[in-house]
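So the structure is just underneath, and the comments pick up after that.
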Amino acid sequence: MSDSLPSGPPSDPKPATATNSPDEATTTTSSTTTAASTPEGPTPPPVQIPLSWPADSSLTLEWIQNLISAFDWSSKNLSPSELPLVLPVPVFDTLVLTASKILHKEANCVRIDDCNDNSRVVVVGDVHGQLHDVIFLLQDAGFPSEDRFFVFNGDYVDRGAWGLETFLLLLAWKVFLPQRVYLLRGNHESKYCTSVYGFEKEVLAKYGDKGKHVYRKCLGCFEGLPLASIIAGHVYTAHGGLFRSVSITPLKRSKGKKNRRITLNSETKPLCLGSLEELSKARRSVLDPPWEGLNLIPGDVLWSDPTMKSGLSPNTERGIGLLWGPDCTEDFLKKFQLKLIIRSHEGPDAREKRPGLGGMDVGYTIDHVVPSGKLITLFSAPDYPQFQATEDRFNNKGAYIVLKPPYFDVPEFHTFEAITPRPVVNAYYDYEDVLDSDEELDLASMVTAT
């Protein structure tokens with residue numbers, strides 16, 4: 001894979017109107033939004049830049065709205081290398097440090113139990129650096145608030161040209177409303193993926209000689225992202241999905257060797273589903289979730305895929321994670337008294353290669369319908385990927401889900417089209433050669449930490 005950026009601007013996406021379009025009875029329609037035309041000549045910034053951190057270190061809704069306006073403006077009026085003029089490194093450092101402290105204290109599986117009769121929970125799938133679509137989604141669903149929770153299923157960065165701005169915007173929401181905004185980890189929040197699919201080069205291009213510092217801070221923040229959530233005791237969400245049980249047997253220490261390290265044996269046995277207790281004990285603070293060894297649960301949660309074939313098996317196409325069938329979905333739902341699994345991870349490119357499963361044309365698919373409930377795949381990046389080597393684009397819609405009382409277990413699907421035209425920008429990875437669906441990973445280049 002080439003380390004240089006592709007020359008020339010990417011081909012413009014086909015024009016589309018950003019709307020919420022009904023697809024079936026459960027889809028809610030909302031008003032049409034179109035991108036505003038830009039007058040000739042330079043457009044002045046809508047807010048004072050550079051942005052500064054609040055003197056009292058307390059973020060406000062106004063501060064976040066200014067951040068949204070500044071990022072949107074800079075994406076259309078500044079070169080990528082001028083982003084520090086909008087968000088200086090000291091402000092970046094404070095935002096990421098503040099968010100990281102919150103994230104690292106959260107459980108592997110966060111429980112969202114303080115929903116009431118006035119609450120709504122918005123679940124969001126992959127967004128992949130498509131900043132303008134994320135801004136639209138937030139405005140369309142309604143900003144996070146005391147009564148509006150957000151759960152993001154990961155993959156904030158890579159492939160899209162504004163992964164850094166997207167991730168920082170969501171971190172700001174997390175800092176502002178830590179008990180209402182939940183950011184889960186995706187497989188792209190890793191050192192390996194960000195080195196292949198553009199985020200590392202994006203950060204280096206935007207922050208220049210401070211780029212390596214900014215990138216390292218982002219990687220550290222990725223390590224703190226929780227792996228999964230349970231909403232109102234009825235809905236499990238994660239980026240990839242289910243995970244295996246890892247049987248570990250500690251060997252006894254030799255007498256008189258108090259400081260001798262305990263050796264762990266991983267028993268070889270048929271694959272079986274893991275428990276929520278095992279999930280809670282997994283070590284998520286790794287740059288790249290291992291595909292071998294003892295700490296396999298994070299990799300499973302981030303990389304696994306559903307299939308229509310019964311059982312649990314290794315995900316040989318990806319080289320990491322699992323494939324699980326409808327019987328496993330039923331077992332998981334029944335065992336933990338759940339009604340829904342909402343996972344993400346697969347866009348239109350990946351689903352094109354998955355016979356037996358629905359495509360991602362409208363931003364979601366219902367993959368398994370079993371006696372105890374449903375498995376849904378949710379993808380929130382419309383017209384994905386942003387950069388495509390072929391003239392024919394997928395032109396998929398994005399979607400998000402709203403869960404409502406009393407039980408928060410009936411998904412209300414909202415679909416939307418991409419905000420166009422996107423600002424003209426070069427890709428930060430060799431999209432003509434890279435595999436679209438993360439398959440056949442170069443596992444040797446991933447860091448193994450067990």
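The values are calculated or read from the model by the stated rules, or taken from the named source; none is laboratory data. Predicted model, so just to flag it, every value in this text is computed and none were measured. Here the Cβ is made from the backbone with ideal geometry for all residues, glycine too, and neighbour counts use every protein chain on show. To get the accessible areas, we keep the full protein, side chains included, count just its heavy atoms, and leave off ligands, DNA and RNA. Shrake-Rupley method; radii C 1.70, N 1.55, O 1.52, S 1.80 Å.
Miscellaneous remarks
- Taking each residue as 0.36 nm, the span from Asn426 to Ser310 lengthens on full extension beyond its C-alpha to C-alpha distance by 37.5 nm.
- Each part gets one Cα centre, and for segment 120-173 versus segment 67-93 those centres are 17 Å apart.
- Volume per residue of the C-alpha convex hull in segment 107-233, rounded to whole Å³: 93 Å³
- The charge dipole of segment 33-152, taken about its Cα centre with unit charges on the Cβ of Lys, Arg, Asp and Glu (plus for the first two, minus for the last two), comes to roughly 200 debye.
- For segment 52-114: span of alpha carbons on each principal axis (Å, largest first): 42, 22, 22
- Projected label distance in nm at Ser69 and Val369, using a 7 Å step from Cα toward the beta-carbon: 4.7 nm
- The accessible surface of segment 141-222, taken with every protein chain in place and a 1.4 Å probe, is 48 percent carbon and sulfur.
- Note on Phe143 and Asp56: the extension gain reaches 29.0 nm, defined as 0.36 nm multiplied by sequence separation minus the Cα-Cα distance.
- Theoretical gain in end-to-end length, Gln179 to Ser280 [0.36 nm per residue, Cα-Cα removed]: 34.5 nm
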